[in-house]
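Written below as structure tokens is the structure these notes are about.
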Amino acid sequence: MSGISNPVTEAELHAWLDGELPEERLAAVERHLADNPEVAQRFERYRAQRSLLGQSFGPLIDQPLPDRLTPPFTARDHSEKPLPSRGRAVWWGTAIAASLLVFVAGGASGWLMRDRIGMRAEPPTAAFIADAVAAHRVFSVEVRHPVEIGVDEEAHLVNWLSKRLGKNMRCPKVTRGGYQLIGGRLLADSAGPVAMYMYEDAAGRRITLYIRPSPNTSGSAFRFAQDGGVRALYWQDNGLALAVAGEADRDTLSGVAEEVYGALNS
Amino acid sequence: MTDDDAIPGPDMSPPDIDDRAIAAHVPRLRRYATALVGNRPDADDLVQDCVEKALANRHALRDPSKLGGWLMTILHNLHISSQRGRRRRGAEVPVEDLADDLALSAPPADRGAVRDFVRAFAQLTDEHRTILLLTGMEGLSYREVAEVLELPIGTVMSRLARAREKLRVLLDGGTQQVVRRIK
């Protein structure tokens, strides 16, 4: 019971960093960190390394898949072991060439190159996630003007965003995890207009939904990305690229993403 | 939507494990495998083996909603056995190609940091890379990591603490804080 007198353990400090610390120990851990600057500094480095981990390896999720990793999956004939490795080397060369082209050409032309080497659907790019996460960081901390148009003018908000994005933009309601729509705003990124909706729970925690028109795309599965403390789930559906971003845990975010997906397809 | 698409949204857990259900997890598995082994050809082999094994044993999975974790467990076990073979053969796969490649996909100002990070990360043991990836990249909870690795949760936590400290010293220099007991 005495959260005050129990010494803070190394395990609790890590749990704190990972968002797994029981709430009743939060004050004790934060006091411990304040009293021990060298410990606080060490955990800041751990936090930084986790964010570098996401930054370094995160983009790998958008790499085009080789045929052998796309369905239909066929069992390999293990008697011919030497052959696939040559095939792999050829594929590898193509993939390097293609990814360099994507890197150099960028934007729409880069996506065309990816398409040519066998992508079925174009997954949202790493740049899209970065934009969605950046928008979340900028606007979710906004105290006075988190949204441009509040939920009290929902019809106006929906009309306006639909007009600017050239798509019928419904305003998905979210109730899971106690989050409620508070409004939205129009943003711009390199591809043009973007809609952002914001949701808030009773504790003032915020989740944002970032929507960009993405013509000529079909659906994709949910994918997960993390950048520092911000987690995002993103997918494509009905000519839109969507990302749900927040500091919430993964379960909460996927609950919200599922609800958004359901609302947009009802 | 075309037939080729992975099933999005709430229907992600189909009643039966088939190609499509597994395909939805492949991009994540591949990212995890690439970061783990440090080069793409070996990672793709590992993912392909994992997919084959999953399909061959698909009836062993009772709860389709656990597919993601189950695939991770298969991949993890395959990796451990392939590492045993690799150690016997003494093969060493350079991480430099991957480090350069990943640095290129980072914003210019971060390229040096990304390259250094990928190199430092490659110097960790498999155990440490695994635990850092599952928590920091895949966003699994301690409990989920314990399930994937089939370890007690206390082991997960102490391994994570050691891995973080090891990586900190690799990145920042300085002396390692000895983490003996974490509770």
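The numbers here are math on the coordinates, done by the rules we state, and not lab data. Bear in mind that the values here come from a model prediction, so they are computed numbers and not experimental data. Positions of Cβ are generated from backbone atoms using ideal geometry, with glycine treated the same way; all protein chains shown enter the neighbour counts.
To the nearest 0.05, what FRET efficiency results for B:S82 and A:D152 with a Förster distance of 56 Å applied to their C-beta separation?
Taking R0 as 56 Å, the efficiency between B:S82 and A:D152 is 0.45.
Report the chymotrypsin sites (Phe, Trp or Tyr not before Pro) located in segment A:172-232 that are in a DSSP loop and have at most 13 other Cβ atoms inside 10 Å of their Cβ, or state none. The partial results should precede the final answer.
Working: sites: A:Y179, A:Y197, A:Y199, A:Y210, A:F222, A:F224; in loops: A:Y179, A:F222.
Loop-located and lightly packed - none at all.
So how far, in whole Å, is the C-alpha centre of segment B:134-168 from the one of segment A:122-189?
Between the Cα centres of segment B:134-168 and segment A:122-189 lies a distance of 34 Å.
Using the beta-carbon distance between B:A60 and A:S162 and R0 = 41 Å, what value does 1/(1 + (r/R0)^6) give for FRET efficiency, to the nearest 0.05? Could the numbers behind the result be given before it?
Values: r = 48 Å, r/R0 = 1.17.
Computed FRET efficiency for B:A60 and A:S162 comes out at 0.30.
Rounded if a/c is under 1.5, else prolate if a/b is larger than b/c, else oblate: which is segment A:10-57, with a ≥ b ≥ c the root eigenvalues of its Cα gyration tensor?
In terms of gyration-tensor shape, oblate.
Going by how many other beta carbons lie within 10 Å of each one, how would you line up A:H136, A:H32, A:H156, B:H59, fewest first? Let's see the in-between values first.
Working: A:H136 26, A:H32 18, A:H156 11, B:H59 8.
Lowest count first: B:H59, A:H156, A:H32, A:H136.
Suppose R0 equals 25 Å. What FRET efficiency, 1/(1 + (r/R0)^6) with r the Cβ-Cβ distance, do A:V141 and A:N265 give to the nearest 0.05?
Working: r = 31 Å, r/R0 = 1.25.
Here the calculated transfer efficiency is 0.20.
Could you list B:T73, B:T135 so that the one with the fewest beta carbons within 10 Å of its beta carbon is first and the one with the most is last?
Arranged by neighbour count, lowest to highest, B:T73, B:T135 become B:T73, B:T135.
Using 0.36 nm times the number of residues separating A:A27 and A:A191, minus their current alpha carbon distance, what extension gain do you get?
Once the chain is fully extended between A:A27 and A:A191, it gains 54.6 nm.
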